[in-house]
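Visitor: Supplied in structure tokens, the structure appears directly below.
The values are calculated or read from the model by the stated rules, or taken from the named source; none is laboratory data. Please read these numbers as outputs of a predicted model, since none were measured by experiment. When we count neighbours, we look across all protein chains shown, and the Cβ atoms used for this are built from the backbone with ideal geometry, even at glycine. Heads up: the accessible areas ignore ligands, DNA and RNA and are worked out on the full protein's heavy atoms, side chains in. Shrake-Rupley method; radii C 1.70, N 1.55, O 1.52, S 1.80 Å.
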Amino acid sequence: MAQATLSKMQINSSANWALAGVSFAHLLNDAMQTVVPSAFPLFQQTMQLSFAQMGWIAFTLNITASVLQPLVGYMSDRKPMPILLPGGMLFSLIGVLGLALSSELWMLLASAALIGIGSSILHPESSRVAHMAAGRGRGMAQSIFQVGGNTGQAIAPLLVAFILLPHGQRSFLWLMGFALIGIFIQSFVSRWYRDKLAETRIRQQRPLKSSGAEPAARPVSRGFIAFTMGILILLLFSKFVYIAGMTGYYAFYYADAYDLPLSQAQICLFILQFAGMVGTLLGGPLADRYGRKPMIWFSIAGTAPFSLMLPYAGPVLSMVLCGMIGLILMSGFSVIIVYAQELLPRHIGTVSGLFFGLSFGMAGLGSVVLGSLIDVTSISFVIKLCSFLPLLGVCAVFLRKDQPRTA
């Protein structure tokens, strides 16, 4: 008995380290990815880019990941590939080097595409690792994985404010260290992943025994699955187009409206992203306890009162509102992914790739559309227009109610 208990503790410990590893790699990846739109003020100063051109950079970054992530997820469902974990970071390493050396728009676009490819490889496979390490606390595990990404997004504006803007474009070279650390960490996680896959294959070859496993989910029709996926995708649209407007253009609005330097505007974005990190960490456990649907509904529709107030607030109140928006809005993404994974339990990688891909794709398209709209209208008009997007969160009432499960 003691030996069995010790063995179980060792297994849980290794799973926890794997989960921590993919979460930290997610931090490094999303810091490198988010620093690109956060560095738009730097690119505008050095290359005199228009808002539409900056939107195309964000579009290239995000659409690359959007197109490839579902494909990577589908391939990993058919044949998991642990080597992809460190391999994705290699693309990001080359992309960051390209950002430091870029002197023309096409070079920025190519570098952004490489970072997008690295991200498209990391998310589906790392999300699968988080799912395998989760046990019954799927919401908690997905939140831990996702909070790494939110932390990376939070520190990106600080990197821009205190490293990139003061020291120029060549300081992107410092971010190569992020990619190298990511390669090192993901190499160790890939070994655990490979061993876990071998263990799973052995277990599947054994005869099934009755146990106290979870009860099977209610069968659902394809039409219901399609309808539910459509609702979830609409919620992703409202969330990520709004986030694209905030991360790409709100700093310009804040600096212009309150006559403040762009570096101070980056602090406002840091508050948004840092609060989002906290919200992500809380969202999964709350969903495990109270159910996925209430958390999804609250995370998007609950943002609306604060987003509608934001364009009309002063500089100090704007920072408070950004904190509330990040805390509430970011709490739902990991819950949406787990909800979709439980809807299609045989397609974990495909679902993860699809939803991460759609989130990046919508953010990329949103950046292009919003940037072009700013060029023909004004930054103030677009920020006010974006403030209505969280109202789409009321569509979450059409989701099927799920049973809370205490992790």
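Visitor: Hey, what number do you get for the chain at 222 nm if only DSSP H runs of n ≥ 4 count, each worth -39500 (n - 2.57), divided across all residues, to the nearest 500?
Guide: That calculation yields -26000 deg cm²/dmol at 222 nm.
Visitor: Further question on the same structure: With springs only between Cα atoms under 10 Å, which of MET47, MET330, MET277 fluctuates most in a Gaussian network model of the chain?
Guide: Checking each option, the largest mean-square fluctuation is seen for MET47.
Visitor: Which of the DSSP-defined H helices in the chain satisfy a minimum axial length of 24 Å, computed from C-alpha atoms, and a minimum mean Kyte-Doolittle hydropathy of 0.0?
Guide: Answer set is 2-38, 51-78, 84-101, 105-132, 138-159, 222-245, 262-290, 348-376.
Visitor: Next question. Compute the length gained on full extension between HIS347 and LEU308: take 0.36 nm times their separation in residues and subtract their Cα-Cα distance, giving the result in nm to one decimal.
Guide: Result for the pair: 10.3 nm of gain on full extension.
Visitor: Follow-up question, since we're still on this one. With all protein chains present and a 1.4 Å probe, how do GLU104, GLU125, GLU342 order by accessible area, largest first?
Guide: The most accessible residue leads, giving GLU104, GLU342, GLU125.
Visitor: Which value in nm describes the separation of the simple spin-label points at SER378 and VAL320, placed 7 Å from the Cα toward the beta carbon?
Guide: Between SER378 and VAL320, the simple spin-label model gives 2.6 nm.
Visitor: Here is a further query. Label-point separation (nm) for SER50 and ARG170, each offset 7 Å from Cα along Cα-to-Cβ?
Guide: A separation of 3.2 nm, rounded to one decimal place.
Visitor: Also: With loop defined by DSSP as not H, G, I, E or B, and exposure as at most 11 other Cβ atoms within 10 Å, which is the longest segment of the chain clear of exposed trypsin sites (Lys or Arg not before Pro)?
Guide: Result, exposed sites excluded: 1-208.
Visitor: Lys and Arg at +1, Asp and Glu at -1: add these up for the other residues within a Cβ distance under 12 Å of SER76 and post the number.
Guide: Charge balance in the 12 Å sphere: +1.
Visitor: Using only the Cα atoms of the chain, what semi-axes does the equivalent ellipsoid have when each is the square root of 5 times a gyration tensor eigenvalue? Give whole Å, largest first.
Guide: Equivalent-ellipsoid dimensions as semi-axes: 35, 25, 18 Å.
Visitor: So which chymotrypsin sites (Phe, Trp or Tyr not before Pro) in segment 272-355 end up in coil per DSSP with only 14 or fewer other C-beta atoms within 10 Å?
Guide: Taking segment 272-355 and a limit of 14 other Cβ atoms within 10 Å, no loop chymotrypsin sites (Phe, Trp or Tyr not before Pro) are found.
Visitor: Sticking with this one: Heavy atoms only, probe 1.4 angstrom, no DNA, RNA or ligands counted: give me PHE24, PHE240, PHE172, PHE388 ranked by accessible area, highest first.
Guide: In descending accessible area the options line up as PHE388, PHE24, PHE240, PHE172.
Visitor: Right, next: Place the peptides 70-77, 252-259, 56-63 in order of packing, highest mean first, counting for every residue the other Cβ atoms within 10 Å and averaging per peptide.
Guide: 56-63, 70-77, 252-259
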